[in-house]
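As structure tokens, the structure follows; a few thoughts come after it.
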Amino acid sequence: MSVGLNHFLVLSAVLFSIGMYGVLAKRNVVVILMCVEIMLNAVIIALVAFSRFVTPTLLTGQVFAIFVITIAAAEAAVGLALLISIYRNRENVDVEEIDLLKM
Amino acid sequence: MLKTEPYVLNMGPQHPSTHGVFRMELLLDGETVVDMRPIMGYLHRGIEKLSEERSYTQCIPFTDRMDYLSSMTGNLSLCLAIEKLAGIEVSERAKYLRVIMAELQRIASHLFGVGTFIDDCGASGTPFLYMLREREKLIDLFEMASGARLTYSYIRPGGVMRDVPDEFWPAVRRFVAEMPRYIDEYEQLLTGNEILRARTIGVGILPREQAINASASGPVLRGSGVKWDLRKADPYCVYDRFDFDIPTGKQGDAFDRYFVRVQEMRQSVRILEQAIRDIPSGDPLPKVALFFHPPAGDAYGRSETPRGELGFYLVSDGSIAPYRFKIRSPSFINITALCDMVVGWRIADAVAITGSIDIVMGEVDR
Amino acid sequence: MITDGAAFAFWVLAVGTCLAALSVVLLRNIFHAALLLVLTFTGVAGIYIVLSADFLAGVQLLIYAGAISILIIFAVMLTRRPVMTGGFSRFSISAAIVAVTLVIALIWVTVGLTDWSISSESPIQPTTAPLANALFDRTNGWVLPFEVASIVLLAAMIGAIAIVKDK
Amino acid sequence: MTQSLSGEQVANRVREVLPNAVVKADGIDLYLRSEAMLDVCRFLKEAPDMEMDYLTSITGVDYMDYLEVVYHLTSIARNHSVVVKTKLYDRAAPELPSVISLWQGAEFQEREVYDFFGIIFTGHPDLRRILMWDGYANFPLRKDYLGLNYGQRPALVE
Amino acid sequence: MDWRDFYIYHLGKVNESVRSWLSAHAAGWTAYVVPAILGAILLLVFLLPSQLMVVWIERRLIARFQIRRGPNRVGPWGLLQSIVDAIKLLSKEAIMPRYADKWPYLAAPVVGFIPAILVYAVIPFGPDLAFADLNIGLLYLVAIGSYSVISVFMAGWASSNKYALISAMRSVAVLVSYEIPNVLALVGVILLAGSLSLTDIVRAQSSGSFTWFITVQPLAFLIFFITASAEVNRTPVDLIEAEQEIVAGHHTEYSGMKFGLFYVAEYTSILAACAVMSTLFFGGWHGIPWLERYIPPWIWFIAKIYIFFAVFIWTRATLPRLRIDQLMAFAWKFLIPLSLLNILVTAVEVLLIDNTTLAPAVWMTLLAVVNYALAALLIVAWSRAFRMPRRRSADIPEVRRLGALPAETPSY
């Protein structure tokens, strides 16, 4: 069975939804951050798949993927810093309990 | 930084670097030691109680097994106490032999102490084994004199067990001639080593006032800059006839304690040179019977062992056995201030500082 | 399009990655979740290789598996005691419905509705030098965005330190 | 050479400040009342002609009729020493003020004396067993340890 | 198939011949599978005996340093000692702590071992003797290397032992810090070689204009050596398993072959680090010119690996260990600035080379002199400015003494 663009798009959609479900359903901020990373990965898979199948000689998708990875790294750093700061102030990282605007 | 939760780490009784069965309960905040509690007694054999059932001479083997790295000085301390209690005179040659043995033992013990200290700083055995090379020669010398390699029981009340054999003298002369070169070698390897300096300078400071207040003795006290050595302050045997210096440290950190030990080895070589040169002929054997009855009363005899002031407080009721046999052991008292030295440092420093105090658990637990 | 061996690799990697990602979401022990996240990232790197994006696969391993997951494991460790159980919130049922709807919609739109113009050209391989040329080309490169991205990264690092630093 | 101060010599100095502290003094030892122990030690440590800054050792002795605690004090600054003793007659609950506020070195030594003789040093912050294990019921260096007669000998005659 | 290719000197050509023969005479897939298996066998022929040899060499050599004899009873010169040890490890009881986190605990040795082996995939033992000559070879090396942190972390966390946990925390902190100067030190080499492929890098070191990169990248080599020792746990910086402090670190609770796997993985990655160093800085499979004709390239390469291994043993035998905060300060305040400066200088040099008309030999000499002088100057200047932290850590709020510990002492 040959594998084409559609296979990768389905994989990307499934991974994205798994991440989405985690973001919506989990209570722990650390797990939510992990799920966001899964969603970003799903997006990059789609980008690279388009690059591979639609514009194989241009590499634009891969260039974009590099930017996405950069932003993902920045997001992880800032997100985890926020998380630790919240944990320091409230000793808790449960989203249902840190939804207050005041610390 | 982060709101961290301190946790208890049990270092010991079985741990690669606690020098025997010593246990440190460390309260840690991350890697920083917040509190420390030394726990000992795992090697407690009740020597003080056992000695009450034995004659004075029979007590001497106990001192071998207390500080098993410096049996000679342990023997010497007890014999000084017994001689003080019973008023026994010692011949000149025996006094010189005692000095020679004590100084050889000091070198052997410091070699071992410095070696294990460097090992605790993370050097994987090389300096340690270099030092064991020289200690081996010393042990051979002791074997010539006493027949044993670790538990000598050589020094007896009133003299020594027997005179040293003739082949002892060339061997000890050769050792004394060679030793300064070996000490230079250690210093080359260690004293200037940037990693060792970074690990030990300023680490585990025991200030001068606290060192005195906490009854520290030996290189720990002298490392803190106190010029107090019983060989000078309260000379026994014939130490007042020799010319030697008391090395002291500057600020009382782990490096100073290391450095004092190295310098003491040099001074011991100096003493040995003079003692070997001056030793009179004569009979070093004890003039007292194996069992004797000291008059009722008490006496405190002490000497400067490699670890500090080892004292024996003996109470006699006139019988052949001591009524009370108290050991003032330097290792035990030196760790009084260990907690203050360790708190605020990291785990690695706690190990290095404990190593720099150079405790022997046989003596701590007795 | 894609050779037999690569197709086989795709199926193994795709199933493995999805299972690992599902476990990340469903497991309650977040330390295990973090470890499986590393597996997910590694699987995605494999997918990139199937897509003949080898430089990107290396970057994926280095950045995601090597750096981001370590950061996350570090966060797990630092906040460990109260959070070892990663429970579900009260929206978990509705979240499941949203997720299932989303996956159906996405597949329907991307696979069912859209007709992608698949190019028949074979992809560039190796990609390292062409990627560099594409990024830093003088006329139609991405030098400015690249510099902006590095500034964003720097700002994020400084910001992270500023947030965590003790006041 | 460390000069051993005679008991009388020190007793005279102590009597100037604390008249009731001294029980007895001879050429070597100085016997003190147990309650006055801390005050005398403070005097010995702080008096400019004494300066006993170094606590060499604390020893417990069981003389059957009473328990005795012996303090060997040394002055590193002046290089002299003195032996201070005190007797405790209450074998059930012997009490003595702790000198840990003067010398940190007393910490382990007092714990050791407590461990072996059951002498309670009031004011010691952490008076626990040190060489014997926690929860051990006996005081092993007492002469009536475990109630055995083995090795027991008549007390010394004063 | 030309049978002259099977001459030992051109071992690398074996695979190529087999592949071409198979693609001509057999089914298409065999041309991929058979050379792969052949390559794997060759790799194992190097790795498995090396494992045993390396342990033996380390023990014998460190015994020499320590004026001992080392293992000398089992077999001639104690050569069979490692085999006996391996049998002993295999027959040991497999103990698992009761409160261990089971799956991470069991998986950790495997997770540690696989990347250690995977690194060898890209290392060229000779011309055409790389298992897979990836064009992203260096990136792959660095990426695979970061998996060892995960293994250490899994082991440390899962064995529910405080020493192991401290080791896990240290491993994350140390390896993440040392990864940065490690990668930055490689950049200089990449700039000079103009490629990420290890084979290309080795070829660049023989192409006339450049000799071995150690001549122009002394600073990068020093930094790489230090960081590599940190990553593979060698003594001055082996805080992850500092035995004097935290017993055995992450593998305190491992016994039998699970411990053996950690041990093997450690030595495999040490050898890998040696191989990378000789590839990047010491000309890979190239040998001394006038001897190169007689000795096959892969022997040169393996010899270089063992020489570097001996250097690792040498440092282990000589130096005490740094403290964790000193180690981190060393990485962040010393190694990273220096490696950044090295990249700057190298980049400028590469630009100048591209626009020069001078003879390559002249340029090379010039560069070597400039770089060595610069390296010496930078190291001296930086070590003057930078002092190892020696003070008590200031951030403890108050000395909580006597009573901060729980009152009752549990008796064991």
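The values are calculated or read from the model by the stated rules, or taken from the named source; none is laboratory data. Because the structure is predicted, anything quoted here is derived from the model rather than measured. Please note: Cβ atoms are built from the backbone with ideal geometry, for glycine as well, and neighbour counts cover all protein chains shown. Quick note on the areas: whole protein, heavy atoms, side chains included, nothing else; ligands and nucleic acids left out. Shrake-Rupley method; radii C 1.70, N 1.55, O 1.52, S 1.80 Å.
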Look through region E:369-396, keep the residues that are at pLDDT below 80, among the small types (Gly, Ala, Ser) and in contact with a helix residue (DSSP H, G or I) (Cβ under 8 Å, 6 or more places away or on another chain), and return whichever of them is most open to solvent (accessible area, probe 1.4 Å). E:383
In the list C:135, C:144, which residue meets the criterion of being surrounded by fewer than 12 Cβ atoms within 10 Å (Cβ to Cβ) and not assigned by TED's automatic domain parsing to the domain that holds residue C:67? C:144
Give just the number: which of (1) surrounded by fewer than 20 Cβ atoms within 10 Å (Cβ to Cβ); (2) part of a helix (DSSP H, G or I); (3) without any contact (Cβ under 8 Å) to a residue 24 or more places away in the chain does residue E:172 not satisfy? (1)
Report whether or not residue B:51 is among the polar types (S, T, N, Q) and under 29 Å from residue B:146 (Cα atoms). yes
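Does residue E:261 meet the test of being crowded, with 23+ Cβ neighbours inside 10 Å, part of a helix (DSSP H, G or I), out of contact with any Gly (no Cβ under 6 Å at 6 or more places or on another chain) and away from chain B (no Cβ under 14 Å)?
Answer is no for this residue.
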Being surrounded by fewer than 24 Cβ atoms within 10 Å (Cβ to Cβ), among the β-branched types (Val, Ile, Thr) and either away from every other protein chain (no Cβ under 14 Å) or not in a helix (DSSP H, G or I) (or both): is that true of residue E:313 here? no
The condition of being more than 11 Å from chain E (Cβ to nearest Cβ), assigned to a helix (DSSP H, G or I) and surrounded by 18 or more Cβ atoms within 10 Å (Cβ to Cβ) holds, among C:6, C:21, C:57, C:34, only for C:21
Kindly provide the set of residues from region B:208-230 that are among the charged types (D, E, K, R) and out of contact with any Ser or Thr (no Cβ under 8 Å at 6 or more places or on another chain), ordered by number. B:209, B:229
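What's the total number of residues in region C:67-105 that are within 8 Å of chain E (Cβ to nearest Cβ) and at pLDDT 80 or above? Working first, answer last.
Going through region C:67-105, the residues within 8 Å of chain E (Cβ to nearest Cβ) turn out to be C:67, C:69-70, C:73-74, C:77.
Among the residues that remain, those that are also at pLDDT 80 or above are: C:67, C:69-70, C:73.
Within region C:67-105, residues that are within 8 Å of chain E (Cβ to nearest Cβ) and at pLDDT 80 or above number 4.
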Please state which one of A:3, A:14, A:10, A:30 is within 19 Å of residue A:75 (Cα to Cα) and either out of contact with any His (no Cβ under 8 Å at 6 or more places or on another chain) or in contact (Cβ under 8 Å) with a residue 60 or more places away in the chain (or both). A:30
Does residue E:114 count as under 25 Å from the mean Cα position of the chain (by Cα), open to solvent by 40 Å² or more (accessible area, probe 1.4 Å), of a type outside the set (Phe, Trp, Tyr) and not assigned by TED's automatic domain parsing to the domain that holds residue E:274? no
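Conditions (1) on the phi < 0 side of the Ramachandran plot; (2) within 11 Å of chain C (Cβ to nearest Cβ), marked per residue:
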{"residue": "E:53", "(1), (2)": "yes, no"}
{"residue": "E:64", "(1), (2)": "yes, no"}
{"residue": "E:99", "(1), (2)": "yes, no"}
{"residue": "E:128", "(1), (2)": "no, no"}
{"residue": "E:151", "(1), (2)": "yes, yes"}
For region E:35-62, pairs from a residue that is farther than 14 Å from residue E:120 by Cα to a residue that is surrounded by fewer than 17 Cβ atoms within 10 Å (Cβ to Cβ), with Cβ under 7 Å and 6 or more apart or across chains, are E:52/E:83; E:56/E:79; E:61/E:310
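I'm trying to understand the selection: among the residues of region A:39-59, which are of a type in the set (Ser, Thr, Tyr) and at the interface with another protein chain (Cβ under 7 Å from one of its Cβ atoms)?
Step one: of region A:39-59, the residues of a type in the set (Ser, Thr, Tyr) are A:51, A:55, A:57.
A:55, A:57, listed by residue number.
Residues are listed down the side, and each one gets a yes or a no for (1) in contact with a Lys or Arg (Cβ under 9 Å, 6 or more places away or on another chain); (2) open to solvent by less than 30 Å² (accessible area, probe 1.4 Å):
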{"position": "B:130", "(1), (2)": "no, no"}
{"position": "B:138", "(1), (2)": "no, yes"}
{"position": "B:142", "(1), (2)": "yes, yes"}
{"position": "B:148", "(1), (2)": "no, yes"}
{"position": "B:162", "(1), (2)": "no, no"}
{"position": "B:169", "(1), (2)": "no, no"}
{"position": "B:172", "(1), (2)": "no, yes"}
{"position": "B:176", "(1), (2)": "no, yes"}
{"position": "B:183", "(1), (2)": "yes, yes"}
Residue ID - farthest from the other protein chains (Cβ to nearest Cβ), chosen from residues in region B:161-208 that are closer than 26 Å to residue B:90 by Cα and in a helix (DSSP H, G or I): B:169
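Would you list the strands (runs of 3 or more DSSP E) that sit entirely within region B:1-110 and hold 3 or more residues that are touching a residue at least 60 places away in the same chain (Cβ under 8 Å)?
On the way: elements: B:7-11, B:23-29, B:32-39.
Of the strands (runs of 3 or more DSSP E) lying wholly inside region B:1-110, those with at least 3 residues that are touching a residue at least 60 places away in the same chain (Cβ under 8 Å) span B:23-29, B:32-39.
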State yes or no: is residue C:130 closer than 19 Å to residue A:52 by Cβ, free of Cβ contacts under 8 Å to residues at least 40 places away in the same chain and within 14 Å of chain E (Cβ to nearest Cβ)? yes
Residues of region D:30-71 being open to solvent by 10 Å² or more (accessible area, probe 1.4 Å), within 11 Å of chain B (Cβ to nearest Cβ) and touching a helix residue (DSSP H, G or I) at 6+ places or on another chain (Cβ under 9 Å), in sequence order, are D:51, D:53
Among (1) surrounded by 14 or more Cβ atoms within 10 Å (Cβ to Cβ); (2) over 20 Å from residue A:70 (Cα atoms), there is one condition residue C:63 misses while meeting the rest; what is its number? (2)
Neighbours by Cβ (under 9 Å, 6+ apart or cross-chain): first from region E:87-108, in the same structural domain as residue E:256 (by TED's automatic domain parsing) and in contact (Cβ under 8 Å) with a residue 24 or more places away in the chain; second of a type in the set (Asp, Glu) and exposed (fewer than 11 other Cβ atoms within 10 Å of the Cβ): none
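Among the residues of region E:266-278, is any among the acidic types (Asp, Glu) and within 22 Å of residue E:152 (Cα to Cα)? Please lay out each step first, then the result.
Let us first name the residues in region E:266-278 that are among the acidic types (Asp, Glu), namely E:266.
Applying the additional criterion that residues be within 22 Å of residue E:152 (Cα to Cα) yields E:266.
Looking for residues that are among the acidic types (Asp, Glu) and within 22 Å of residue E:152 (Cα to Cα), one finds at least one in region E:266-278, hence yes.
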Failed condition for residue B:193, given (1) within 21 Å of residue B:349 (Cα to Cα); (2) touching a residue at least 40 places away in the same chain (Cβ under 8 Å); (3) surrounded by fewer than 21 Cβ atoms within 10 Å (Cβ to Cβ): (2)
Residue in region C:37-54 that is nearest to residue A:29 (Cα to Cα), counting only those that are more than 9 Å from chain E (Cβ to nearest Cβ) and of a type in the set (Gly, Ala, Ser): C:43
In region E:202-223, is there at least one residue being of a type in the set (A, V, I, L, M), surrounded by fewer than 23 Cβ atoms within 10 Å (Cβ to Cβ) and facing another protein chain (nearest Cβ under 10 Å)? no
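Can you report the number of residues in region B:209-235 which are charged (D, E, K, R), in contact (Cβ under 8 Å) with a residue 12 or more places away in the chain, open to solvent by 10 Å² or more (accessible area, probe 1.4 Å) and in a helix (DSSP H, G or I)?
The first filter runs over region B:209-235 and keeps only residues charged (D, E, K, R), leaving B:209, B:222, B:227, B:229, B:231-232, B:234.
Cutting the leftovers down to in contact (Cβ under 8 Å) with a residue 12 or more places away in the chain gives us B:222, B:227, B:229, B:231-232, B:234.
Okay, now just the ones that are also open to solvent by 10 Å² or more (accessible area, probe 1.4 Å), so B:227, B:232, B:234.
Next, only the ones that are in a helix (DSSP H, G or I) stay: B:232.
Total meeting the criteria: 1.
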